[in-house]
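Data first, discussion second: the structure below is written as structure tokens.
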Amino acid sequence: MEGKFALAVLIGCLSGVGCYLILQESVMRILLGLSILSTAVNLFIFASSQPKSLAPIGKSFSNSDLFSDPLTQALILTAIVIGFGMLSFLFGIACKTTERSRCDDTALIDLED
Amino acid sequence: MLVSLPLVLMLFGVVTLLFPKLEKRLCLVGVILCLAGLFLVEEGSCEVVGAYNKALGIELCILENHKDLIFTVGLLFIHFLFSSKSRPSVALFLFASVLGIFLSHDLFNIYVWFEILLVCSFVMPIFGKYSPKAIFKYSIASLIGSLTFLVGIALVYKHTGYLNLSKVSEHISYLPQLEIGLFFIFVALGLKAGLVPFHFWLGASYHKFDLDILPLFFAILTKMGVYTLAKIFSFLEAENFILLQGVGIFLSSVSLVSGFLLSYFEKNLSRSFALFAISKSGFLVLAALIARLNPMVYYLAFDAVFTYFLTYVILKEKNIHTFTGIFLMLGWLGFPVSGFFLAALWILFDTQLNGILFSFFVFHKLTAIAFIVNLAANVKTDQKLSLTDKIFAFGVTILLTIRTSYALLHY
């Protein structure tokens, strides 16, 4: 019970921090916010499977109630890889944007040709 | 066979990178091979990847009427490969992801294919003239949409225990928590489709992309969100979630009306197209919430062909950036435009018409005609369709018309 509560609090805090950073004007803070929000979403998927005490690998599955759901863990793994790729691309775009405009503020970046 | 179709496209996409001189030809071979493979697959058939259980494995299905839709999209991609200066290999990956979304039968795979689609759509503008700020806005909005979609998927999995659409529909229970999950999915796909109030990125980014790629973006990319929404909500029987349907109908109606009003007042041509895309998304989401998936498939195919060639012809003229807008323009063509505009509004509020979807359909068609007449009145262009373009556009339209008529008579 305590572990679940702690997980819920952690997801809530990470989501709050992620949303706060996304609403900032700095490009890098927005990306950092997206990264944190993505972690919160991954933990949320993990929480949706009701995590149990044993890892679902290398053991006999005679008592499946003791094992965590492996499907959500596979989903999280895929989501992490995809999220990492997307964020890397966005960091590249952000670097180019800030380099060309010489500022990090979304309100001041005006590269519209 | 079904599993290999998107993989063939991706394989050709990789091979073309090794032989840049043969890029276009190899891409064409890839698309043709894929369409030929699709021709051999029976409609309604499903395949599970590997030896997994259907509930846990990756299932691909070709649903009823989807062959025609995929063939139409494939033909548009072939035209794009030859008419665009953009990298054909990226377009091939884009087609693979579109095909993946059409074939995927579970929620998480739809998410994965959507991410591949997004990566391709982020990369495509970079090869032409682009504004990093526009790509940044588009990417951030899309990524937030993807994260929201994941939250929705997690909630659906939590309350049904499945991700496979058929299994989810078998085990669905009309709990408020599940409705919240569907709300997340609605918001995520609404963001991707540019539905009001999630439309802010569309008008701010699309008109800054290279005109070369815009026909594909307007005709196919914005429609993928709507298509996925229709597919998921059709399987999950969203009409039983009263609150979700009410909110969805309200937002899509607002999108339908505000999209076309905003597009009329807009002076920038590409931006006007982008705003009109919001109106179309509104109509399609409305149809998705009220009607089932099957009738929508033909409409999507028609709309993709129509939007693609309209955008292709109008936006290809590089000198046109602005036009005068309905209320500022001069000339006699203003009268029919205003006529269609008023008739559309009158039909929208006419309570005598039978059924909300029919009223909105007539409204949507009249606004589309008004939009085109407005373009014809304001845009003076020397751009002419080549003979190949004409044959292509009319051929695809005629084939679709024959196929639709046959389907209507048959059912």
* **Yes/no for A:VAL81 being at pLDDT 90 or above and either in contact with a Leu (Cβ under 9 Å, 6 or more places away or on another chain) or farther than 23 Å from B:GLY57 by Cβ (or both)** => no
* To do: Scan segment A:1-46 for residues that are open to solvent by 30 Å² or more (accessible area, probe 1.4 Å) and small (Gly, Ala, Ser) and jot them down.
  => A:GLY3, A:ALA6, A:ALA8, A:GLY12, A:SER15, A:GLY16, A:SER35
* Examine segment A:54-64 for a residue that is modelled with pLDDT of 90 or more, over 30 Å from A:THR98 (Cα atoms) and more than 11 Å from chain B (Cβ to nearest Cβ), and state whether such a residue exists. => no
* Asked: B:SER205 passes all but one of (1) buried (at least 21 other Cβ atoms within 10 Å of the Cβ); (2) among the small types (Gly, Ala, Ser); (3) more than 11 Å from chain A (Cβ to nearest Cβ); which number fails?
  -> (3)
* Asked: Is it the case that some residue within segment B:49-58 is touching a helix residue (DSSP H, G or I) at 6+ places or on another chain (Cβ under 8 Å) and surrounded by 18 or more Cβ atoms within 10 Å (Cβ to Cβ)?
  -> yes
* Taking segment B:140-160, which residues are touching a Lys or Arg at 6+ places or on another chain (Cβ under 8 Å) and over 19 Å from B:LEU243 (Cβ atoms)? -> B:SER142, B:GLY145
* To do: Would you please list the contacts, defined by Cβ atoms under 6 Å and residues six or more apart or on different chains, that run from a residue in segment B:1-24 that is open to solvent by 40 Å² or more (accessible area, probe 1.4 Å) to a residue that is of a type in the set (Ser, Thr, Tyr)?
  => B:LEU17/B:SER89
* Asked: If you go through segment B:199-210 one residue at a time, how many are closer than 17 Å to B:SER146 by Cα and either touching a Ser or Thr at 6+ places or on another chain (Cβ under 9 Å) or among the β-branched types (Val, Ile, Thr) (or both)?
  -> 3
* Could you please let me know if A:SER88 is at pLDDT below 80 and within 11 Å of chain B (Cβ to nearest Cβ)? => no
* Exactly one condition in (1) crowded, with 24+ Cβ neighbours inside 10 Å; (2) within 12 Å of another protein chain (Cβ to nearest Cβ) is not met by B:ALA193; state its number. => (2)
* Of the residues that make up segment B:76-88, is at least one loosely packed, with under 14 Cβ neighbours inside 10 Å, more than 14 Å from every other protein chain (Cβ to nearest Cβ), part of a helix (DSSP H, G or I) and at pLDDT 85 or above? -> no
* Structure fact -> The residue from B:GLY152, B:GLY100 that alone is touching a strand residue (DSSP E or B) at 6+ places or on another chain (Cβ under 9 Å) and of a type in the set (Gly, Ala, Ser) is B:GLY100
* To do: At least 3 residues that are within 12 Å of chain A (Cβ to nearest Cβ) and either at pLDDT below 85 or open to solvent by less than 10 Å² (accessible area, probe 1.4 Å) (or both) in each: list the helices (runs of 4 or more DSSP H) lying fully within segment B:97-182 that qualify.
  => B:107-123, B:132-160
* Asked: Going through segment B:38-47 one residue at a time, which ones are open to solvent by 50 Å² or more (accessible area, probe 1.4 Å) and not charged (D, E, K, R)?
  -> B:PHE39, B:LEU40, B:GLY44, B:CYS46
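The values are calculated or read from the model by the stated rules, or taken from the named source; none is laboratory data. Just so it is clear, the structure is predicted and the values come from calculations on it, not from any experiment. Because the Cβ atoms are built from the backbone with ideal geometry, glycine has one as well, and the counts that use them run over all protein chains shown. Just the protein is used for accessible areas: all its heavy atoms, side chains included, with ligands, DNA and RNA removed. Shrake-Rupley method; radii C 1.70, N 1.55, O 1.52, S 1.80 Å.
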